[in-house]
Amino acid sequence: MKKTFEHLLQFIIAFALVGLFFPSSGKSQNLQKDIKLGEQYSEYVETTIGVYENEELTAYIKAVGDKLTEQMDKPLFQYKYTILATPEPNAFSIPGGHLYITTGMFPFLESEDELACIMAHEIIHANNRHVIKSNRRGIIPGILQIPGAVIGAVVDETLGNALRSPFQRLGMLTHASYSRKQETEADIEGIEIAAKAGYEPKALQSILSRIGRYGEIITGEEEQKDRFATHPLTEDRLKKINKIEPKLLKGEPNHLADDFLVLFDGALAGNDPLKGIIEDTIYYNPKEGFKLQFPDGWESLFMANMIAAGDTTQLVRISFEEDERDPTEAAEDFLENLNPYFVASVLGSEPINIGEKRGHIIAFKQSIQGKTYYGSRTWVRQENLLFNFLAISNVEDQSQMENIVYSLAEMTAEDEQRIKVPTLRIVELENQETVTDLVQRTQSELSEEVIRLINEKPEGDSFDAGERVKLVIGENL
Ligand SMILES: [Zn+2]
């Protein structure tokens, strides 16, 4: 059931190295503003996607970043490096010097040189303030208002937009495109600092091609020229790198990791299931210890602190956070701040009990352009968390929505057993083995095609005895 939504997210992976776009207030924008924006955005990105807290790897990535910025004449910011727990292979920067790399990127990296080259590319985007200069439409106001989305904000949009907009906005932050000129600049200046720091500049080509190829595999098609017109195609970028490479000033190779791959052995290689996972129709959150059930046939999508699910007629978005307010208090606060125009659409407001848990529901109904929408906001307290269910539907029967609210429960030990952590493993093979056999034997979470891609193994070739192979395995919590 989650496939379509996943596809929406994965659609953009092919262009994963693109970065984000940002609003502009023109030349008057000073560095302090960059830094301030960066703080707001980084908080949003980190709470929404979820940070992978791995001290060793974070320190290593920072050390590589420091090596790179040392080569710059004038780094504008104090760069900060964070790993995000998400399956999409991506690296991006946001203003003010926040650099992100995803756990989904780990299986694709073959060397410190590749890591350094993609990081250098992103450092240049940040340092040359590409997002600020790109003068595109702003998304900040929208993002900052998400938690306060009121009825009006919901019913004014189509059902789908109401549900998806937070995710789309996040997509703009993590994937939107720079101009061709800016990409070229980031490639060239990036490999300049990478080469000076002693890294192999051509490693940018190998990682770009691998990610590009992965995009083709998962979207099932070749890169199309017109689809992302502003994105310099991988081919173009590779050629430019070839041209500039011989002219680069190269520092003495001096890598930080003795054995790059081993450093990533055991690392998370996708979503952190501790922070949420969907199995069949049930969403589990082992970190907070709760679960929720959605109706059969619904699509669902989630991020660190938000879950969305729906079908063609009904949608629900659930957020949760530590909040000391009683559900009724939270509901009253909501009503108090409601736009007077929408007060008329409130059908009722009352406390409810969900088993032992306290809750409060506000129901509403509104007609817009001849169409009637039904909706509700429900607050439920479980332990220290306050849940907020935002439901919207164009059918009067709200029983499916209610079932979701009433399905909120604590996770059991049995539930925990079902959860698997996607883990990157570097395995030395005892015997020669075909890719097919390897995938079956290890219950690989990656397809044969992707295993071949990340291990640079051409079709038809087997792995030899003694060869090291990168795998992603679902391991127990
Ligand atoms: Zn870029």
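The values are calculated or read from the model by the stated rules, or taken from the named source; none is laboratory data. As the structure is a prediction and not an experimental result, all values here were calculated from the model. FYI the Cβ positions are ideal-geometry reconstructions off the backbone, even for glycines, and counts take in every protein chain you see.
For the reader, a short list of remarks on this structure follows.
- Yes/no for R325 being of a type in the set (K, R) and part of a loop (DSSP other than H, G, I, E, B): yes
- Residue in the stretch 421-439 that is touching a residue at least 24 places away in the same chain (Cβ under 8 Å), in contact with a helix residue (DSSP H, G or I) (Cβ under 7 Å, 6 or more places away or on another chain) and among the charged types (D, E, K, R) present: no
Yes/no per residue for (1) at pLDDT below 95; (2) farther than 14 Å from I101 by Cβ; (3) surrounded by fewer than 17 Cβ atoms within 10 Å (Cβ to Cβ):
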{"site": "H7", "(1), (2), (3)": "yes, yes, yes"}
{"site": "K27", "(1), (2), (3)": "yes, yes, yes"}
{"site": "G38", "(1), (2), (3)": "yes, yes, no"}
{"site": "T47", "(1), (2), (3)": "yes, yes, yes"}
{"site": "T82", "(1), (2), (3)": "no, no, no"}
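- Boolean, R317 is in contact with a Pro (Cβ under 8 Å, 6 or more places away or on another chain) and at pLDDT below 90: yes
- Qualifying strands (runs of 3 or more DSSP E) (wholly inside the stretch 341-458; at least 3 residues being surrounded by fewer than 13 Cβ atoms within 10 Å (Cβ to Cβ)): 346-354
- For the stretch 111-123, the condition of being within 11 Å of the ligand (Cβ to nearest atom), farther than 15 Å from Q78 by Cα and over 17 Å from the mean Cα position of the chain (by Cα) holds for at least one residue.
- Whenever a residue of the stretch 457-477 is over 21 Å from L274 (Cα atoms), its partners that are surrounded by 14 or more Cβ atoms within 10 Å (Cβ to Cβ) and among the charged types (D, E, K, R), lying with C-beta atoms within less than 7 angstrom and at least six residues away or across chains, give the pairs E459/R452; S462/E433; F463/E433; F463/K457.
- Scanning the stretch 324-335 turns up no residue that is under 15 Å from S407 (Cα atoms), within 31 Å of the chain's Cα centre (by Cα) and either charged (D, E, K, R) or surrounded by 16 or more Cβ atoms within 10 Å (Cβ to Cβ) (or both).
Okay, residues lined up against (1) outside the structural domain of S447 (by TED's automatic domain parsing); (2) more than 23 Å from the chain's Cα centre (by Cα); (3) modelled with pLDDT of 90 or more; (4) under 16 Å from N90 (Cβ atoms):
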| site | (1), (2), (3), (4) |
| --- | --- |
| F167 | yes, no, no, yes |
| A194 | yes, yes, yes, no |
| R213 | yes, no, no, yes |
| L233 | yes, no, no, no |
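- For the stretch 287-322, a residue qualifies if it is under 22 Å from the mean Cα position of the chain (by Cα), hydrophobic (A, V, I, L, M, F, W, C) and assigned to a loop (DSSP other than H, G, I, E, B), and the qualifying residues are W298, A304.
- Every pair of residues 6+ apart whose Cβ atoms lie under 6 Å, when the first sits in the stretch 246-265 and is assigned by TED's automatic domain parsing to the domain that holds G198 while the second is of a type in the set (K, R): L249/K196; G251/K196
- Qualifying residue in the stretch 329-348 (condition: of a type outside the set (V, I, T) and closer than 30 Å to R425 by Cβ): no
- Given (1) at negative phi; (2) at pLDDT below 95; (3) buried (at least 23 other Cβ atoms within 10 Å of the Cβ), number of the condition G96 does not satisfy: (1)
- The residue of the stretch 124-136 that is modelled with the lowest pLDDT, among those that are within 13 Å of the ligand (Cβ to nearest atom) and aliphatic (A, V, I, L, M), is V131.
- Some residue of the stretch 271-287 being outside the structural domain of S111 (by TED's automatic domain parsing), within 18 Å of N384 (Cβ to Cβ) and of a type in the set (S, T, N, Q): yes
- Yes/no for L338 being in a strand (DSSP E or B) and more than 30 Å from L68 (Cβ to Cβ): no
- Residues in the stretch 84-97 that are away from the ligand (no atom under 15 Å from the Cβ) and either under 14 Å from A120 (Cα atoms) or among the basic types (K, R) (or both): G97 alone.
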